[in-house]
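So the structure is just underneath, and the comments pick up after that.
Please treat every number below as a calculation from the coordinates, not as lab data. Bear in mind that the values here come from a model prediction, so they are computed numbers and not experimental data. Cβ: placed from backbone, ideal geometry, glycine included. Neighbour counts: every protein chain shown.
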């Protein structure tokens, strides 16, 4: 009976590690940075703001269509969802590794 529980926990750990890899892969495929609108002399321009090391970079994108704006906003919400799920998953992995590392058989 105890070996069965440990086997299930080990299988859950493997699934969690695979999911972590998938989330990180999906995060890397999303466009970097956040879309920001600036008004300069009465005209609206779009910039991508992203961090490179300790510096914040503003990359000029010009005037964008509504489709492109929606694409960046969707990417921003997906990034937030992936980061939240990844945070929960890392806590779960830490817990499972701790349980499986214990000296007593489960």
| remark: From the option list 85, 75, 80, single residue qualifying as free of Cβ contacts under 8 Å to residues at least 24 places away in the same chain and under 16 Å from the mean Cα position of the chain (by Cα) is 80
| If a residue has to be assigned to a loop (DSSP other than H, G, I, E, B) and touching a helix residue (DSSP H, G or I) at 6+ places or on another chain (Cβ under 6 Å) to count, how many in the range 1-40 make the cut? | 2
| note | How many residues of the range 41-96 are part of a strand (DSSP E or B), out of contact with any helix residue (DSSP H, G or I) (no Cβ under 9 Å at 6 or more places or on another chain) and over 27 Å from residue 21 (Cα atoms)? The answer is 11
| request: Looking only at the range 4-26, decide whether some residue is exposed (fewer than 10 other Cβ atoms within 10 Å of the Cβ) and more than 27 Å from the chain's Cα centre (by Cα). | output: yes
